[in-house]
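Data first, discussion second: the structure below is written as structure tokens.
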Amino acid sequence: MKITAQEEYGLRCLLKVAGTPDGSSLTLPEIAAAEGLSVPYAAKLLSVLRHAGFLDSVRGRAGGYKLALPPEQIGLGSLLLALGEPLFDEPSYCEKHAGTADGVSSCVHLGGCSLRALWHTLEQWMRHSLDQITLADLMQTEFSLAELLRIKLGGTGPIESLPALLTLNPMPALASVE
């Protein structure tokens with residue numbers, strides 16, 4: 001999975017808005033400056049988030065952007081899907097991977113594709129796992145969030161095998177082979 005710039009910065013902008021005290025609003029220039037983004041790029045991201053139902057825009061002197069939902073109700077999976085694309089988009093998957101030979105217009109494995117099943121299953125697992133994490137969870141400190149993720153995602157895959165704390169140890173010297 002590759003996180004796009006739009007997903008990363010969109011999530012950061014939403015976190016900035018979520019962190020305002022008492023649900024007050026932030027202006028577009030405030031959000032852009034806080035995240036080191038140009039105002040036009042921040043406007044694009046906020047527009048996507050507003051159209052997806054995560055933000056409300058408020059007009060007037062005290063206007064700006066504020067959350068449309070409580071942070072506890074915003075799942076990371078649906079948020080990233082609104083900002084980006086799914087890992088697996090079944091309707092066009094076979095057309096996008098038809099092959100490169102002249103005259104080939106559909107996938108040669110259309111009748112029995114194990115990869116299509118793999119990508120579809122991984123997409124469902126990933127979205128379900130990401131939706132276990134809310135915007136409210138992401139507003140915690142890094143250490144608290146790491147522990148919370150271990151608890152929330154512990155039964156869903158590789159995270160259960162992660163160590164509680166990561167430490168950096170110098171690598172032992174390799175014995176020379178003679």
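Data overview
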item	result
Count - residues of the range 13-32 that are part of a helix (DSSP H, G or I) and either buried (at least 17 other Cβ atoms within 10 Å of the Cβ) or of a type in the set (Ser, Thr, Tyr) (or both)	8
Which listed residue is under 17 Å from residue 134 (Cα atoms), part of a helix (DSSP H, G or I) and at pLDDT 95 or above, from 45, 49, 79	49
Test result for residue 101, over 26 Å from residue 126 (Cβ atoms), modelled with pLDDT under 95, more than 20 Å from the chain's Cα centre (by Cα) and not aromatic (Phe, Trp, Tyr)	yes
Positions within the range 33-53 being in contact with a strand residue (DSSP E or B) (Cβ under 7 Å, 6 or more places away or on another chain) and either of a type in the set (S, T, N, Q) or surrounded by 18 or more Cβ atoms within 10 Å (Cβ to Cβ) (or both), in sequence order	46, 49
Check on residue 72, modelled with pLDDT under 90 and farther than 18 Å from residue 26 by Cα	no
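The values are calculated or read from the model by the stated rules, or taken from the named source; none is laboratory data. Treat the numbers as computed from the prediction; the structure is a model and nothing was measured. Every residue, glycine among them, receives a Cβ derived from its backbone with ideal geometry; neighbour counts consider all protein chains shown.
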